[in-house]
1. Provide the FRET efficiency to the nearest 0.05 for the residue 85-residue 32 pair, computing r from the beta carbons and using R0 = 30 Å.
2. Just subtract the alpha-carbon distance of residue 202 and residue 98 from 0.36 nm times their residue separation and send over the number in nm, one decimal.
3. Kindly put 184, 125 in sequence by how many other C-beta atoms sit within 10 Å of each C-beta, fewest to most.
4. Under the 0.36 nm per residue contour assumption, what length would be gained going from the current alpha-carbon distance of residue 2 and residue 138 to full extension?
5. Could you put 20, 81 in order, starting from the residue whose Cβ has the fewest other Cβ atoms within 10 Å?
6. If you rank 119, 212 by fewest surrounding Cβ atoms within 10 Å, what's the result?
7. Residue 117 to residue 16: extension gain in nm, 0.36 nm per residue of separation minus the Cα-Cα distance?
């Protein structure tokens with residue numbers, strides 16, 4: 001099965017639920033019994049094989065352009081993430097997020113999480129929603145930092161739509177949408193915690209709006225594998 005180059009750079013890191021995990025090089029390495037990563041050689045495109053001559057693919061024009069980029073970056077004021085408005089909004093959201101998780105885990109969800117088998121649809125949906133919230137609790141922060149830092153270092157003339165920081169912002173937005181959906185699902189069944197869940201949902205919506213404002217082109221980024229081909233083709237079924 002052919003791997004999809006760079007698919008791991010803009011995913012939600014939930015391999016167990018990813019339909020394209022089998023086409024991800026990182027997933028193959030993690031789940032390989034062998035320590036020799038040469039197991040990835042099969043299906044590798046010729047362009048991905050490292051050249052024996054380290055200077056064979058040297059692009060002098062690209063190297064010169066990179067030096068200009070670095071000089072432009074040096075002229076910029078250093079980025080202070082802690083004072084960035086979006087990161088400050090994130091910190092408020094994240095603090096409430098952690099409190100909500102602790103509350104759910106120690107009180108209302110205790111009876112569901114303790115069951116070895118979830119027999120009812122309600123129990124399964126609650127468990128799935130909480131699993132999503134718990135899974136993503138440390139996901140958004142590093143992605144936002146990377147996206148903001150990349151945008152700060154952006155230099156005119158570089159590719160904009162397919163920039164790494166746009167792709168990073170896109171996956172952060174997609175995960176935030178999943179977090180909102182999980183919160184909505186819990187709201188259907190857990191009336192006792194309605195006030196906290198609604199507050200968290202509102203904070204999540206506000207954070208999403210500010211992220212979209214900060215990264216207006218993020219949704220246009222094309223993620224390798226997820227956005228480039230039809231799902232059937234990606235799965236190797238066509």
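1. 0.10
2. Length gained, residue 202 through residue 98: 35.9 nm.
3. 184, 125
4. Full extension of this stretch gives 45.9 nm more.
5. 81, 20
6. Ordered from fewest to most neighbouring Cβ atoms within 10 Å, 119, 212 come out as 119, 212.
7. 34.4 nm
Only the coordinates and a few stated rules stand behind these numbers; no lab work does. From a predicted model like this one, the values you see are computed outputs, not experimental measurements. All Cβ positions, glycine included, derive from the backbone under ideal geometry; neighbour counts span all protein chains shown.
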